[in-house]
Amino acid sequence: MKWKLMLILFLLGSNLLAQKKTNVAPTPPMGWNSWNYFACDVNEDMIKEMADAMVESGMADAGYEYINIDDCWQIDRDENGKIVADPDRFPNGIKALADYVHSKGLKFGLYSDAGRLTCEERPGGLGYEKIDAETYQEWGVDYLKYDWCHHGLHKAKKLYPVMAAELAKLDRPIVFSICNWGWGKPWKWGGEIGHLWRTTPDIKACFDCGGFFRLSVLKILDKQVGLEKYAGPDAWNDPDMLEVGNGDLTDDENKAHFSLWCILAAPLIAGNDLRNMPKDVIEVLTNKEAIAIDQDPLGKQGYKYKDKKDFEVWIKPLENDEWAVCLLNRSEEKMDINFNWQKELNLKKEYTVRDLWKHQDIGKSSESYQYELPSHAVLFVRLQNP
């Protein structure tokens with residue numbers, strides 16, 4: 001009898017996992033999150049201004065849609081266990097703020113944690129998954145980032161399905177973002193319960209620097225090798241939010257960072273101050289030709305095709321038998337490259353080669369291309385049908 005009961009429980013658990021709403025994130029989510037730039041300094045007025053800026057900057061027109069508040073919006077629970085927003089920071093409440101974001105034609109996201117407390121020691125979701133899910137639906141939440149602090153001895157693979165099951169019961173589709181920093185290899189199980197999952201510790205605003213708890217762009221890139229087979233529609237590897245426009249990243253580094261995240265079919269979640277963007281940062285974040293690579297309907301994550309130490313080739317299959325290609329210079333020095341697309345990539349037919357940052361065709365794939373590739377830069381192209 002014991003084994004029969006265990007089988008029933010297993011099947012019930014499997015059915016719960018299978019209930020994840022599909023077609024919620026058929027392509028990688030695009031939006032903005034408060035953490036990278038503002039950390040705990042979040043409030044109602046700032047979030048409204050970010051929604052305004054997303055529309056006014058052209059980002060909404062380019063495909064960005066989520067305005068997500070990270071940690072520190074919550075302060076307590078009431079006598080019924082319902083989560084309470086900080087009344088000083090959010091005097092009109094979360095529902096009113098979500099309504100404002102929705103009025104801009106955008107979607108609204110919140111943050112919580114699978115543990116008893118968030119990483120900033122605000123109330124977490126452990127034990128309150130049902131009431132929290134229902135509250136998020138009541139407020140009009142469209143996206144939930146679920147962190148992994150103060151979880152005790154619980155295992156992520158066991159704890160995340162609890163909230164996933166509650167979200168699956170709702171009438172409202174909510175993107176479920178698993179944020180356990182790659183611990184326990186979530187790419188192997190996250191697709192059953194979530195729409196995206198973090199693959200690494202947090203990103204930091206540098207292209208190639210040291211760090212353990214926060215990693216540079218290149219160190220995060222290196223950790224994506226081999227993960228491409230786990231990604232697809234409604235199930236995306238998440239190498240963390242964009243640092244475009246933050247820190248001391250150069251224009252070439254911003255473009256390389258953005259290009260590589262597009263090749264990876266990564267969620268494009270901006271993390272800068274949208275209200276004060278210079279023109280070059282706006283141009284990077286709103287490059288529709290680059291974004292089209294990330295959002296390609298085929299839903300394939302790109303992968304590293306060749307590794308020649310400081311020179312790497314990353315490719316991504318696209319619909320209609322087309323390809324995206326990134327030639328990456330990791331070094332501190334410029335390099336001269338002579339690249340024959342047909343031979344180097346073993347192509348079976350000829351393509352038109354289009355430079356996605358110059359927005360112009362630069363030749364045929366049967367031709368060798370000579371180019372001076374600056375330090376920490378990419379040549380990002382689409383091999384498109386003639």
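A short reminder: the numbers here are calculations on the coordinates, not readings from a lab. For clarity, every value in this text was computed on a predicted model and none was experimentally measured. Please note: Cβ atoms are built from the backbone with ideal geometry, for glycine as well, and neighbour counts cover all protein chains shown.
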Cα-centre dipole for the chain with unit charges at Cβ (Lys and Arg positive, Asp and Glu negative), debye to 20:
1900 debye
Dipole-positive endmost among Met163, Gly140, Trp73 within segment 16-294 (Cβ charges, Cα centre)
Met163
Distance between the C-alpha centers of segment 251-271 and segment 186-200? Whole Å please.
20 Å
Segment 303-384: relative contact order as a whole-number percent, Cα under 8 Å and 6+ apart:
33 percent
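Grab the Cα-Cα distance for Lys229 and Cys40, subtract it from 0.36 nm times how many residues apart they are, and report the gain in nm with one decimal.
64.5 nm
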Please arrange Asp171, Asp248, Asp61 by counting, for each residue, the other beta carbons lying within 10 Å of its beta carbon, fewest first.
Asp171, Asp248, Asp61
Starting from the Cα-Cα distance between Ser103 and Asn320, subtract it from 0.36 nm times their residue separation and give me the gain in nm to one decimal.
74.5 nm
Counting only backbone N atoms under 16 Å from a point 7 Å out along Cα-to-Cβ of Ala96, the residues of segment 114-156 in range are 139-140
Calculate the FRET efficiency for Glu350 and Lys188 from the Cβ-Cβ distance with a Förster distance of 41 Å, rounded to the nearest 0.05.
0.60
Let me have the relative contact order for segment 50-158, percent, based on Cα pairs under 8 Å that are six or more residues apart.
28 percent
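Which entries of Lys145/Lys219; Lys185/Lys358; Lys155/Lys204 have Cα-Cα distances beyond 30 Å here? Working shown, then result.
Details: Lys145/Lys219 23 Å; Lys185/Lys358 38 Å; Lys155/Lys204 26 Å.
From the list (Lys145/Lys219; Lys185/Lys358; Lys155/Lys204), the Cα-Cα distance tops 30 Å for Lys185/Lys358.
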I need two numbers for segment 303-384: Rg to one decimal and Dmax as a whole number, Cα atoms only, in Å.
12.0, 37
Sequence neighbours fewer than 8 away in the same chain don't count; with that in mind, list the aspartates and glutamates whose C-alpha is under 13 Å from Lys364.
Glu350, Asp355
So how far apart, in nm, are the two label points at Asn385 and Glu120 if each is 7 Å from Cα heading toward Cβ?
4.9 nm
Within a Gaussian network of the chain (alpha carbon springs, distance under 10 Å), most fluctuating of Asp99, Asp208, Asp321:
Asp321
Listing Glu79, Glu121, Glu166, Glu333 from the residue with the fewest other Cβ atoms within 10 Å to the one with the most, what is the order?
Glu79, Glu333, Glu121, Glu166
Between segment 128-154 and segment 340-377, how many Å separate their Cα centres?
46 Å
Highest mean packing first, using Cβ neighbours within 10 angstrom, the peptides 375-382, 218-225 sort as 375-382, 218-225
Among all cysteines in the chain, which have no other cysteine Cβ under 4.7 Å from their own Cβ?
Cys179, Cys262, Cys326
Gain on full stretching of the segment that runs from Asp361 to Ile75 - 0.36 nm per residue minus C-alpha separation:
97.6 nm
With the dipole of segment 344-386 defined by +1 on each Lys or Arg Cβ and -1 on each Asp or Glu Cβ, the option from Tyr371, Leu345, Asn385 whose Cα lies farthest towards the positive pole is Asn385
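Over all pairs of distinct alpha carbons, what does the Kirkwood formula give as the hydrodynamic radius of the chain, in Å?
Result for the chain, one decimal place: 21.7 Å.
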What trypsin sites (Lys or Arg not before Pro) in segment 322-366 are in a loop by DSSP, with at most 14 other Cβ atoms within 10 Å of the Cβ?
Lys334, Lys348, Lys349, Lys358
Computed over the chain: longest principal axis from alpha-carbon atoms vs helix 251-263 long axis, angle to nearest 10 degrees, is 70 degrees
What relative contact order, as a whole-number percentage, does the chain give when Cα pairs under 8 Å and 6 or more residues apart are counted?
14 percent
Under 10 Å, Cα contacts only: if you run a Gaussian network model on the chain, which one of Met30, Met59, Met277 comes out with the highest mean-square fluctuation?
Met277
By count of other Cβ within 10 Å, fewest leading, how are Trp183, Trp35, Trp314 ordered?
Trp183, Trp35, Trp314
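From the helices alone, meaning DSSP H stretches of at least four residues, give me the mean residue ellipticity at 222 nm for the chain, per-run term -39500 (n - 2.57), in deg cm²/dmol to the nearest 500.
Details: 12 runs with 110 residues, N = 386.
So the calculated ellipticity at 222 nm is -8000 deg cm²/dmol.
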Enumerate the amide H contacts of Ile362 below 5 Å, restricted to partners 5 or more residues apart or on another chain; note that Pro and chain-start residues carry no placed amide H.
Val353, Arg354, Asp355
